[in-house]
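The values are calculated or read from the model by the stated rules, or taken from the named source; none is laboratory data. Bear in mind that the values here come from a model prediction, so they are computed numbers and not experimental data. Quick reminder, even Gly has a Cβ in these numbers, built from the backbone with ideal geometry, and neighbours come from all protein chains shown.
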């Protein structure tokens with residue numbers, strides 16, 4: 001496996017009367033970047049508001065520049081969405097800059113913002129790429145979403161798995177966060193990650209739900225001038241991926257319970273989690289060099305007999321490979337707690353990340369992005 005589990009506790013020694021500690025798990029890359037193909041769809045808002053400040057032209061320029069960093073083994077497509085979605089560039093070689101440029105040139109800004117249709121069309125285009133290309137099982141399937149507005153119209157034939165919505169659903173009855181987050185989860189189940197960026201009057205809650213549901217990241221762009229940088233940085237970051245769609249399973253032992261699982265890196269967020277009895281299944285972001293995924297959580301330890309005790313069994317699965325580890329602590333008769341060198345930062349980082357995750361609901365988009373990015377840079 002091209003990554004390993006690195007786990008540590010705030011306290012390596014705990015009293016037999018019970019206590020609370022904090023755990024931190026990082027998925028460390030064990031290999032250099034893989035020479036895997038990148039299948040990327042640029043999913044672009046082409047609604048009328050994108051005419052403001054020449055944003056749409058800036059998007060076109062940014063996509064062209066990002067595509068120039070792709071290689072012939074990569075595949076690229078462009079989907080535009082307004083009242084509905086259209087394929088501006090069908091799947092083509094990453095070296096075919098001319099075809100991408102011709103497709104982008106045809107885009108004009110008009111209509112409303114139908115993000116869900118854009119995601120659905122991007123999904124269909126990725127599926128066609130997989131059917132037509134060899135070696136797709138190793139490809140990093142990615143949707144790069146850019147919007148300058150909140151969802152304002154919907155298509156109900158997009159994700160048939162979302163049966164709670166239909167043609168009779170009034171726009172005002174739609175829960176945007178639930179709808180788009182659920183669609184992103186479906187994409188994640190198919191091995192696709194969405195990286196979502198917003199500029200202008202977009203919905204942070206929607207973009208964050210899309211990123212969290214698909215194991216991706218969201219970004220706040222202060223102006224249209226940052227669009228090209230976002231696309232270019234994303235393509236470069238994806239070249240550093242060593243493991244796709246890792247799944248972490250946390251199984252408490254000896255009466256231990258877990259609480260407040262929060263993702264710290266690559267971005268502070270509430271990860272997608274499934275609960276199966278006492279087992280917590282956490283869907284982690286792709287493992288890449290430079291930003292190995294890390295999460296933390298509270299560990300409640302009950303009164304327990306002294307000795308070396310397993311608190312949590314940890315299992316990591318990446319595609320068809322898996323490995324296991326465990327978090328253990330020494331339980332002693334005294335009330336003295338002990339920490340390994342540097343482990344005092346485990347609780348501090350967890351509390352900081354938890355605070356950011358909770359408080360960003362009350363921040364404006366610029367403040368939320370600043371807090372999230374500042375924490376990741378420092379860690």
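With respect to residue 299, determine if the residue is in contact with a helix residue (DSSP H, G or I) (Cβ under 7 Å, 6 or more places away or on another chain) and surrounded by 13 or more Cβ atoms within 10 Å (Cβ to Cβ).
Working: in contact with a helix residue (DSSP H, G or I) (Cβ under 7 Å, 6 or more places away or on another chain): no; surrounded by 13 or more Cβ atoms within 10 Å (Cβ to Cβ): yes.
When the stated conditions are applied, residue 299 does not pass them.
Being more than 25 Å from the chain's Cα centre (by Cα) and under 30 Å from residue 308 (Cα atoms) narrows it down to one residue among 57, 13; which is it? Break it down stepwise before answering.
Values: 57 fails: under 30 Å from residue 308 (Cα atoms).
After applying the criteria, what remains is 13.
I'm trying to understand the selection: among the residues of the range 236-252, which are in contact with a strand residue (DSSP E or B) (Cβ under 7 Å, 6 or more places away or on another chain), closer than 26 Å to residue 35 by Cα and crowded, with 20+ Cβ neighbours inside 10 Å? Let's see the steps before the verdict.
First pass over the range 236-252, keeping only residues in contact with a strand residue (DSSP E or B) (Cβ under 7 Å, 6 or more places away or on another chain): 237-238, 240-244, 246-252.
With the extra rule that they be closer than 26 Å to residue 35 by Cα, the set shrinks to 237-238, 240-244, 246-248.
Matches in the range 236-252: 238, 241, 242, 243, 244, 246, 248.
Which residues, taken from the range 276-296, are assigned to a strand (DSSP E or B) and over 28 Å from residue 142 (Cβ atoms)?
First, pick out the residues of the range 276-296 that are assigned to a strand (DSSP E or B): 276, 279-283, 287-288, 294-296.
If the condition is that a residue be assigned to a strand (DSSP E or B) and over 28 Å from residue 142 (Cβ atoms), then 276, 279 are the ones that fit.
If I filter the range 110-126 down to residues being surrounded by fewer than 21 Cβ atoms within 10 Å (Cβ to Cβ) and either under 23 Å from residue 64 (Cβ atoms) or without any contact (Cβ under 8 Å) to a residue 40 or more places away in the chain (or both), which single residue comes out as nearest to the chain's Cα centre (by Cα)? Please lay out each step first, then the result.
Going residue by residue through the range 110-126, those that are surrounded by fewer than 21 Cβ atoms within 10 Å (Cβ to Cβ) are 110-112, 124.
Those still in the list that are either under 23 Å from residue 64 (Cβ atoms) or without any contact (Cβ under 8 Å) to a residue 40 or more places away in the chain (or both) too: 110, 124.
Details: 110: 29, 124: 20 Å.
Among those residues, the one meeting the criterion is 124.
For the range 211-227, name all the residues that are assigned to a helix (DSSP H, G or I) and at pLDDT 90 or above. Step through it out loud before you land on a result.
If we filter the range 211-227 for residues that are assigned to a helix (DSSP H, G or I), which is where we start, we get 211-214, 224-227.
Matches in the range 211-227: 211, 212, 213, 214, 226, 227.
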